[in-house]
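First comes the structure, then the notes that go with it.
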Amino acid sequence: MSPTVPQSDTLTARALDLLAPLQLLLMSLLALPGTLLTHPLLIFHPKSFQSAWFGTLWRKLGPQMALSPEQTPYISGLFGRAKGTVLELGPGSGDQMRHFVQVVQGGRVSRVVGAEPNAVLHEQLGRNARGIGLDPRRGGYVVLEAGAEPASLIPALHRAGLYTSESGDEGVFDTVICVKSMCSAPQDQMVQICTTIQTLLKPGGEFLFFEHVANDRDYITMLWAWLLGWVWPIAMGNCHLNGRVDKVVGQIGGWDSVDVRNTREFRGWNVFRYVVGVCRK
Ligand SMILES: C[S@@+](CC[C@H](N)C(=O)[O-])C[C@H]1O[C@@H](n2cnc3c(N)ncnc32)[C@H](O)[C@@H]1O
């Protein structure tokens, strides 16, 4: 605890942080009636219904969250490092796209491939890409309906002609970037996901991420995250509070360098422990 922070402020801050997920859960619940009204038949297809529900929520929440003054400097710093051909995993509706403007207009990034499994968000994603001069119709931005897990990503890249069996270990992307999306990928496949990202990168390429991961420091928070975990993924588009990309990138080895840090805002108890990662192949 910082000696300059009075105890009461710390307790209030801690209580507010524990309550923060409930506010997001409430917003998700409020998006439920609208989804039921617009997609009544999807209740017979739980996976599609969950995508539509998250789509309704994220179209409102995504643009607000992308303006977070705490997160923006980290996210914009990562997008500013992107170069060449970029693969973004889980871009959502492209609310972070504005951070690409400088590198795209400066000619540092030539093409972006967005692998977004939720097709409900694709139309807005394409619109946001066009807005910064990466036109999907001209191949500047390629939208793939795929998750980060290899069984979904690799066939989608093959179908789009972006990765072939001959591509091998040489890789095809200069940058792989993700912002708050690895939490929605299956955590039990994180080793395969990170290994695949490494394979897809060219030598010297970078895996850049801004993600929330499990708080493994504070037992009260860990218990709270575990309790929330029973409903959180259902209401939040399969997001998990026990993300482990920070641990796994280090475990798999094979990088030239790995730099993963907690954000300065992390106080030890936060449910959302945000990390910034830069892994160079
Ligand atoms: C919290 S949103 C973040 C969206 C965007 N990156 C942003 O910051 O605005 C999480 C995103 O991850 C996507 N996602 C879900 N499952 C995924 C998976 N298996 N692999 C990659 N992304 C996934 C969701 O569809 C959603 O667009």
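Classify the chain as rounded, prolate or oblate, taking a ≥ b ≥ c as the square roots of the eigenvalues of its Cα gyration tensor: rounded when a/c is under 1.5, otherwise prolate if a/b is larger than b/c and oblate if not.
Working: a/c = 1.62, a/b = 1.22, b/c = 1.32.
Oblate, since a/c reaches 1.5 and b/c is not below a/b.
Going through the cross-link list LYS202/LYS281; LYS180/LYS202; LYS60/LYS180, which pairs have a Cα-Cα distance over 19 Å in this structure?
Too far apart for the 19 Å limit: LYS180/LYS202.
Heavy atoms of the protein only, probe of 1.4 Å, neighbouring chains included. What is the accessible area of VAL191 in Å², nearest 10?
60
With r as the distance between the Cβ atoms of THR12 and ALA151 and R0 = 35 Å, compute the FRET efficiency 1/(1 + (r/R0)^6) and round to 0.05.
On the way: r = 45 Å, r/R0 = 1.29.
Once rounded, the FRET efficiency stands at 0.20.
Provide the FRET efficiency to the nearest 0.05 for the GLN23-ARG127 pair, computing r from the beta carbons and using R0 = 30 Å.
The computed FRET efficiency comes out at 0.60.
Which shape class, rounded, prolate or oblate, goes with region 1-113 when its Cα gyration tensor gives a ≥ b ≥ c as root eigenvalues, a/c under 1.5 marks rounded, and past that a/b bigger than b/c marks prolate?
Numbers: a/c = 3.08, a/b = 1.01, b/c = 3.05.
Verdict is oblate for region 1-113.
How much of the accessible area of the chain, probe 1.4 Å, is carbon plus sulfur, in whole percent? Don't jump to the answer; show the numbers that get you there.
Values: 8030 of 13770 Å².
The value for the chain is 58 percent carbon and sulfur by accessible area.
Within the chain, what's the longest stretch lacking GluC sites (Glu not before Pro) that sit in DSSP loops with no more than 16 other Cβ atoms inside 10 Å?
On the way: sites that count: GLU70, GLU145, GLU265.
Formally, the longest exposed-site-free interval is 146-264.
Kindly provide the pair-distance distribution of region 207-249 built from C-alpha pairs, with 10 Å bins from 0 and whole-percent values in order of increasing distance.
Answer for region 207-249: a P(r) of 27, 50, 22, 1 percent.
Rank by packing, highest mean first: peptides 24-30, 275-281, with packing defined as the count of other Cβ atoms within 10 Å averaged across residues. Intermediate values should be presented prior to the final figure.
Values: 24-30: 15.0, 275-281: 20.3.
The densest-packed peptide leads the list: 275-281, 24-30.
Which residue, ARG261, ARG137, ARG81, tops the fluctuation ranking in a GNM of the chain built on C-alpha contacts under 10 Å?
Of the options given, ARG137 has the highest mean-square fluctuation.
With all protein chains present and a 1.4 Å probe, how do HIS122, HIS45 order by accessible area, largest first? Display every interim value, and only then the final one.
Details: HIS122 35, HIS45 105 Å².
Descending order: HIS45, HIS122.
Given the rule -39500 (n - 2.57) for each run of at least 4 DSSP H residues, summed and divided by the residues of the chain, what is its mean residue ellipticity at 222 nm, to the nearest 500 deg cm²/dmol?
Computed ellipticity for the chain at 222 nm equals -13500 deg cm²/dmol.
In Å², and per residue, what accessible area does the chain have when probed at 1.4 Å with the other protein chains present? Could the numbers behind the result be given before it?
Details: 13770 Å² over 281 residues.
Ligands and nucleic acids excluded, the figure is 49 Å² per residue.
Taking each full run of DSSP H in the chain as one helix, which ones are at least 20 Å long along their axis (Cα atoms) and have mean Kyte-Doolittle hydropathy of at least 0.5?
On the way: long enough: 7-38 (48 Å, 1.00); 46-65 (27 Å, -0.52).
Qualifying helices, which must be both long enough and hydrophobic enough, are 7-38.
Among rounded, prolate and oblate, which fits region 18-82 when a ≥ b ≥ c are the square roots of the eigenvalues of its C-alpha gyration tensor, a/c under 1.5 means rounded, and a/b larger than b/c means prolate?
Working: a/c = 3.18, a/b = 1.93, b/c = 1.65.
Since a/c reaches 1.5 and a/b is larger than b/c, the shape of region 18-82 is classed as prolate.
Using label points projected 7 Å from each Cα along Cα→Cβ, tell me how many nm separate ASP256 and TRP226, to one decimal.
Label-label distance for ASP256 and TRP226, simple model: 4.2 nm.
With a 10 Å cut-off between alpha carbons and a GNM built on the chain, which of ALA160, ALA185, ALA52 moves the most?
Ranking ALA160, ALA185, ALA52 by mean-square fluctuation puts ALA160 first.
Could you tell me how many cubic angstrom of Cα convex hull volume region 135-260 has per residue?
Working: hull volume 15.5 nm³, N = 126.
Output value, Cα hull per residue: 123 Å³.
Picking from VAL103, VAL271, VAL143, which is most flexible by a Gaussian network model of the chain using Cα springs under 10 Å?
Top of the fluctuation ranking is VAL103.
The values are calculated or read from the model by the stated rules, or taken from the named source; none is laboratory data. Everything quoted here is computed from the prediction, not taken from an experiment. Note: ideal-geometry Cβ built from the backbone for every residue, glycine included; neighbour counts use all protein chains shown. Areas reflect the complete protein model, heavy atoms only, side chains present, ligands, DNA and RNA absent. Shrake-Rupley method; radii C 1.70, N 1.55, O 1.52, S 1.80 Å.
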